[in-house]
Amino acid sequence: MNDLPGLWTPWKGGPMSGTTSEQGAEQEWESELIDVTTVPLLALMSAEETVFANAARRLLAEINQSETIVATHSVTAH
Amino acid sequence: LTTAVERVAGWRPTPFREFVLKVTQRCNLVCDYCYVYTKADQSWRGRPPIMPAAVVATAARRIAEHADAHDLAEVHVILHGGEPLLLGAARLVDIAGVVRAAVGPRRRIRVSIQTNGVLLTTESLDILVANGIGIGVSIDGAAPDHDRHRRFARGRGSHAAVARALRLLGEPAHRPSFNGLLCTIDLATEPVRCYEEMLRHAPPSIDFLLPHANWADPPSTPNDAISYSEWLIAVFERWYGSPRQETRVPILEEIIHLILGGAGRSEHVGLSPVALVVIDSDGAIEQVDTLKSAYAGAAGTGLHVDTDALDKALAHPGIVARQVGVRALCDTCRSCAVHRICGGGNYAHRYSPGTGFRNPSVHCRDLFRLITHIGRRLREDLATLARSAA
């Protein structure tokens, strides 16, 4: 599998290893995973109808949902 | 990766909720990137051009049987092709009626079509809307960009016909059936112009597809073009930065939702179980049709609605692999910091001859860059909110 031509392996360097800034982004990502429990979600919803506020609403709705969430077909617009 | 092994580990299959019926094998366009006609699998040539009534009836019975066996509250049926409107709106309504009658009134059933839009008329829209059939339309931005790929057999572009159809679909009488637009990314297309052009049709959603490719058939990446991640990041910044959300962009919304810790609803990204099955025009029970881009027969299960319940497909290794989440990912993916968000990407894009589908996506590099970019933007906004709430 690691012999795949052109495989980019940013997490450990590889045949198409990213630039220095990309590798830096990876380190930052590992050390700063988002923990939304540290953020008052209701505060997000006080915003207008932005993408960000709507994302928070969806997250809150999902927390209150018991149904199994499944993935749907990629070529079908919903 | 067998069903037996997964059951030992405590895993149970997720019932199918989405049923894709290949009601026709033909299309009135010859799009140059189509995964049905231009990729590895050419099985459409040997299947009935139109799904026979007997297959429709048996497929409907199998869907009802599956819904009953798992007591599903809702099922979603997608009438797909080829181009489904080649059958005419009245026949599509007939097919929907057969499925609805079989499933019965106790369960909610959503029916939709995915069309190139060319054959949508006021009359066909009236029929589809009156019968509660949702409509998704494929369009690739402005006319010069769209017409590079989505053409009639004689070479003429189809944008003018699709734009006319979208004007009709956007009328108040038809808008309740407007599900959204679907765009396949072309690096030669300017991304923000593409997004804004499609926004003119006021769609409820605009989804963007990475072109189907794999390690044996890699995506086209001209030297002078931007990357797929740069393309999607440009759209993300335009969409996310709007003072008011203008439309939904599922691929980007899913990534945001996954980064925030939610569960994904798209097979593009994330690790949620994929709960869809395809019934082809000859009654064959198949995996997702986009696998046809990998190799001939890739979507097959060896099952048929005449002889097999859909439950049997739940035990097929290819279906199982898409329902077991992180356990189906290769070691390289598992060691990546963003694998729970990326989910390995679209399954079809992981294929490599010899190693099958246990590989990173051929779009790995672009998915990683896109996800980390969106993650940075979210962290900045969350930090701002946390400071203001403190």
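What to note about this one:
- Ordering B:Lys39, B:Lys292 from the fewest to the most neighbouring beta carbons within 10 Å gives B:Lys39, B:Lys292.
- Legend: P(r) of the range B:341-390 from all alpha carbon pair distances, 10 Å bins from 0, whole percents, reading 24, 32, 21, 15, 7, 1.
- In the range B:159-209, inverting the average of 1/r over every pair of distinct C-alpha atoms gives 11.6 Å as the Kirkwood radius.
- 10 Å-binned pair-distance histogram of the range B:122-174 (Cα, whole percent): 23, 45, 28, 5
- Taking the protein assembly as shown as the region of interest, the number of lysine pairs whose Cα atoms are within less than 22 Å, with members eight or more places apart or on different chains, is 5.
- Considering only the Cα atoms of the protein assembly as shown, their convex hull presents on average a projected area of 21.9 nm².
- Fraction of C-alpha pairs exceeding 40 angstrom in chain B: 13 percent, rounded to a whole number.
- For chain B, the Cβ-based charge dipole about the Cα centre amounts to some 400 debye (Lys, Arg positive; Asp, Glu negative; other atoms uncharged).
- The range B:233-312: translational diffusion in µm²/s, Stokes-Einstein, Kirkwood Rh over Cα pairs, 25 °C, 0.890 mPa s: 159
- Overall, the ratio between the Cα radius of gyration of the range B:14-59 and 2.2 N^0.38 Å, rounded to two decimals, is 1.37.
- Rg in Å to one decimal, and Dmax rounded to a whole Å, for the range B:118-215 via C-alpha atoms: 13.9, 46
- For residues of B:325-335, the mean tally of beta carbons on other chains within 10 Å: 2
- Summary value for chain B: 19 percent relative contact order, contacts being C-alpha pairs under 8 angstrom separated by 6+ residues.
- The tail of the calculated P(r) for the range B:258-390 beyond 21 Å holds 48 percent of all Cα-Cα pairs.
- Counting only Cβ charges, +1 for Lys and Arg and -1 for Asp and Glu, the dipole size of the range B:198-339 around its Cα centre is about 460 debye.
- Percent of beta bridges antiparallel (DSSP, the protein assembly as shown, rounded to nearest 5): 20
- Length released on extending from B:Val192 to B:Glu230, taking residue separation times 0.36 nm less the Cα-Cα span: 12.6 nm
- Size of the range B:51-170 from its Cα atoms: along the principal axes, largest to smallest, the extents are 49, 26, 23 Å.
- The Rg/Rh ratio of the range B:179-334, with Rg taken over Cα atoms and Rh as the Kirkwood radius over Cα pairs, comes to 1.01.
- The charge dipole of the range B:8-159, taken about its Cα centre with unit charges on the Cβ of Lys, Arg, Asp and Glu (plus for the first two, minus for the last two), comes to roughly 320 debye.
- Positive-end ranking of B:Gly88, B:Leu168, B:His316 along the dipole of chain B, with charges on Cβ about the Cα centre, is headed by B:His316.
Bear in mind that the values in this text are calculations on the coordinates, not laboratory data. All figures in this text were calculated on a predicted structure; none of them were measured in a lab. For neighbour counting, all protein chains shown are included, and Cβ atoms are generated from backbone atoms with ideal geometry for every residue, glycine included.
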